[in-house]
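So the structure is just underneath, and the comments pick up after that.
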Amino acid sequence: MGEHDLTAVMAAQLDRHLVFPLLEFLQERQYYKDEEILEAKIRLLNGTNMVDYAMDIHKSLHGTDDVPADMVARRAEVLARLKSLDAAAAPIVSFLQNPQLVQELRPDKQYNIHMLQERFQIGPDQIEALYQYAKFQFECGNYSWAADYLYQYRALCTNSERSVSALWGKLAAEILMQNWDIALEELNRLKEIIDSKNFSSPLNQLQNRIWLMHWSLFIFFNHENGRNGIIDLFFQDRYLNAIQTDAHHLLRYLATAVVVNKRRRNMLKELIKVIQQEQNSYKDPITEFLECLYVNYDFDGAQKKLGECEQVILNDPFLGKRIVDGNFVSVPLRDEFLENARLFIFETYCRIHRCIDIGMLAEKLNMSYDEAEVWIMNLIKNSKLDAKINSVSGTLIMATNQVNVHEQIIESLKNLNMRTYMLAKNIVEPAQAAQQAAR
């Protein structure tokens with residue numbers, strides 16, 4: 001396993017179907033030998049109903065058209081079970097496939113159950129069969145059908161535990177179909193339940209929050225507003241406590257989101273504090289880069305870690321998404337991270353130096369002299385940086401600015417306002433969810 005590869009750690013907190021996209025990514029990047037990836041896929045598939053897919057992988061792995069007898073027997077077993085569930089769920093599936101009949105359903109679950117029983121002889125057994133049928137379809141890889149049936153099941157289910165289980169399944173199906181808007185809605189719905197539900201133990205609630213954060217990475221690094229979403233969720237006290245308790249590796253994704261999100265720079269100070277607290281439990285080049293720069297003011301160390309950060313991002317299934325445009329391949333998040341990280345180095349260096357040698361700064365930014373000079377000129381122009389370049393001496397002269405005491409107070413109040421808002425939100429949301437559940 002690669003030194004900074006988190007796939008095994010992440011897989012322990014994901015549904016096995018959600019692990020397949022991670023393995024596909026690693027296979028595409030040739031991060032491991034092809035045989036190792038194929039063997040891992042077969043091990044995953046052994047716990048699903050995707051027998052045909054497992055057979056195809058087995059043939060590819062061993063270069064043969066023959067498949068083991070246990071796979072053939074398993075396929076027959078799956079087909080028999082599918083036939084049985086088809087029959088058991090047929091009445092309610094037939095009802096749900098009729099749009100005119102579905103329109104007769106109301107928000108009142110008790111009314112729906114009574115109506116189905118009286119008019120269509122569909123009782124609790126058929127509703128339970130719908131759940132089993134949806135779950136079976138999910139295990140077969142038919143995520144669209146599974147999502148539809150699980151949605152309908154939740155409209156009829158009166159068992160709260162089963163309803164939550166169906167919501168987890170619905171979320172997984174939407175993620176696998178890459179329906180990011182719907183998946184985000186399901187994620188928020190599940191979060192409300194987790195935060196307001198009375199769990200049998202605090203550890204159970206903690207585990208549910210950890211699962212939710214891991215599953216959320218698929219959404220947050222693909223949804224257009226995901227980078228704000230991950231910061232909003234992970235910085236909530238209860239979720240930050242969960243990270244610091246038993247999911248330290250999620251700091252990689254939180255740190256990356258803060259670095260690339262220019263509008264959320266106000267969270268950088270809080271992030272650095274958490275990274276310092278957890279440095280003995282978890283560290284990788286991304287967290288170490290921030291520690292070098294903002295704690296140790298080690299610019300040489302930060303420069304070295306920046307090169308390692310690039311490799312971590314490129315080889316991470318959540319961060320290294322590639323965009324192919326003709327013959328041109330880009331990794332947008334890598335480019336944004338490096339750009340913002342260089343800006344962090346530049347700003348920090350300028351904060352403690354008044355006269356800066358551009359050549360030395362170029363070295364610390366991993367750029368050529370000419371690239372650094374153009375980059376600094378654009379930065380001065382676009383950000384209204386109070387500085388000027390002396391081309392003769394090859395230096396950057398920083399103007400001395402005394403920070404106004406009123407500006408300091410306003411800035412500190414901005415952070416206080418955000419903390420107060422998040423605290424109020426954490427109190428109000430569970431209360432509202434509890435009131436809705438009681439109605």
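Residue by residue through region 267-282, note down the ones that are farther than 14 Å from Arg419 by Cα and not polar (S, T, N, Q). Working first, answer last.
Of region 267-282, the ones farther than 14 Å from Arg419 by Cα are 272-282.
Hits for region 267-282 are Ile272, Lys273, Val274, Ile275, Glu278, Tyr282.
May I ask you to verify whether Glu270 is under 19 Å from Leu338 (Cβ atoms), part of a helix (DSSP H, G or I) and open to solvent by 20 Å² or more (accessible area, probe 1.4 Å)?
Values: under 19 Å from Leu338 (Cβ atoms): no; part of a helix (DSSP H, G or I): yes; open to solvent by 20 Å² or more (accessible area, probe 1.4 Å): yes.
In short, no.
Can you say whether Lys170 is out of contact with any Pro (no Cβ under 7 Å at 6 or more places or on another chain) and either touching a residue at least 60 places away in the same chain (Cβ under 8 Å) or farther than 25 Å from His214 by Cα (or both), as far as the supplied structure shows? If you could, list the steps in order and put the result at the bottom.
Values: out of contact with any Pro (no Cβ under 7 Å at 6 or more places or on another chain): yes; either touching a residue at least 60 places away in the same chain (Cβ under 8 Å) or farther than 25 Å from His214 by Cα (or both): no.
The answer is no for Lys170.
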Number of the exception - Gln117 against (1) open to solvent by 20 Å² or more (accessible area, probe 1.4 Å); (2) at pLDDT below 95; (3) within 34 Å of the chain's Cα centre (by Cα); (4) not acidic (Asp, Glu): (3)
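State yes or no: is Asn417 under 26 Å from Asn188 (Cβ atoms), open to solvent by 100 Å² or more (accessible area, probe 1.4 Å) and at pLDDT 70 or above?
yes
Here is a list: Val72, Val67, Val93. Which entry is among the β-branched types (Val, Ile, Thr) and farther than 30 Å from Ala129 by Cα?
Details: Val72 fails: farther than 30 Å from Ala129 by Cα; Val93 fails: farther than 30 Å from Ala129 by Cα.
Among Val72, Val67, Val93, only Val67 is among the β-branched types (Val, Ile, Thr) and farther than 30 Å from Ala129 by Cα.
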Are any residues in region 304-341 surrounded by fewer than 20 Cβ atoms within 10 Å (Cβ to Cβ), part of a helix (DSSP H, G or I) and among the basic types (Lys, Arg), and if so, which ones? Lys304
What's the number of the only condition in (1) touching a helix residue (DSSP H, G or I) at 6+ places or on another chain (Cβ under 7 Å); (2) modelled with pLDDT under 95 that Arg263 fails to meet? (1)
Failed condition for Tyr297, given (1) surrounded by fewer than 16 Cβ atoms within 10 Å (Cβ to Cβ); (2) hydroxyl-bearing (Ser, Thr, Tyr); (3) free of Cβ contacts under 8 Å to residues at least 40 places away in the same chain, with all others met? (3)
Among the numbered criteria (1) of a type outside the set (D, E, K, R); (2) touching a helix residue (DSSP H, G or I) at 6+ places or on another chain (Cβ under 6 Å); (3) part of a helix (DSSP H, G or I); (4) over 28 Å from Asp56 (Cβ atoms), which one does Ala134 miss? (4)
Flag for Tyr349 being outside any helix (DSSP H, G or I) and either modelled with pLDDT under 95 or under 18 Å from the mean Cα position of the chain (by Cα) (or both): no
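Identify all residues within region 51-97 that are hydroxyl-bearing (Ser, Thr, Tyr) and without any contact (Cβ under 8 Å) to a residue 60 or more places away in the chain; write none if there are none.
So in region 51-97, the residues hydroxyl-bearing (Ser, Thr, Tyr) come out as 53, 60, 64, 84, 94.
Listed by number, the residues that qualify are Ser60, Thr64, Ser84, Ser94.
If a residue counts only when it is within 18 Å of the chain's Cα centre (by Cα), of a type in the set (Lys, Arg) and at pLDDT 95 or above, which helices (runs of 4 or more DSSP H) contained entirely in region 138-226 have at least 2 such residues? Can you show your working first?
On the way: elements: 143-156, 160-176, 180-196, 202-220.
Per the criteria, 180-196.
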Can you spot a residue in region 99-109 that is more than 17 Å from Gln137 (Cβ to Cβ), of a type outside the set (Asp, Glu), in contact with a Ser or Thr (Cβ under 9 Å, 6 or more places away or on another chain) and touching a residue at least 24 places away in the same chain (Cβ under 8 Å)? yes
Kindly list, by first and then second residue, each pair from a residue in region 365-377 that is of a type in the set (Phe, Trp, Tyr) to a residue that is open to solvent by less than 30 Å² (accessible area, probe 1.4 Å) and at pLDDT below 85, limited to pairs with Cβ atoms under 6 Å and residues at least 6 apart or on different chains. Tyr369/Ala362
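Filter region 137-170 for residues that are among the aromatic types (Phe, Trp, Tyr) and open to solvent by 20 Å² or more (accessible area, probe 1.4 Å) and give the result.
Filtering region 137-170 down to residues among the aromatic types (Phe, Trp, Tyr) leaves 138, 143, 145, 149, 151, 153, 168.
Those that are among the aromatic types (Phe, Trp, Tyr) and open to solvent by 20 Å² or more (accessible area, probe 1.4 Å): Tyr143, Trp145, Tyr149, Tyr151, Trp168.
The values are calculated or read from the model by the stated rules, or taken from the named source; none is laboratory data. As the structure is a computational prediction, the values presented were derived from the model and not from experiment. No Cβ is skipped: glycine too gets one built from the backbone with ideal geometry, and neighbour counts run over all protein chains shown. Ligands, DNA and RNA are stripped out before the accessible areas are found, and what is left, the full protein with its side chains, is counted by its heavy atoms. Shrake-Rupley method; radii C 1.70, N 1.55, O 1.52, S 1.80 Å.
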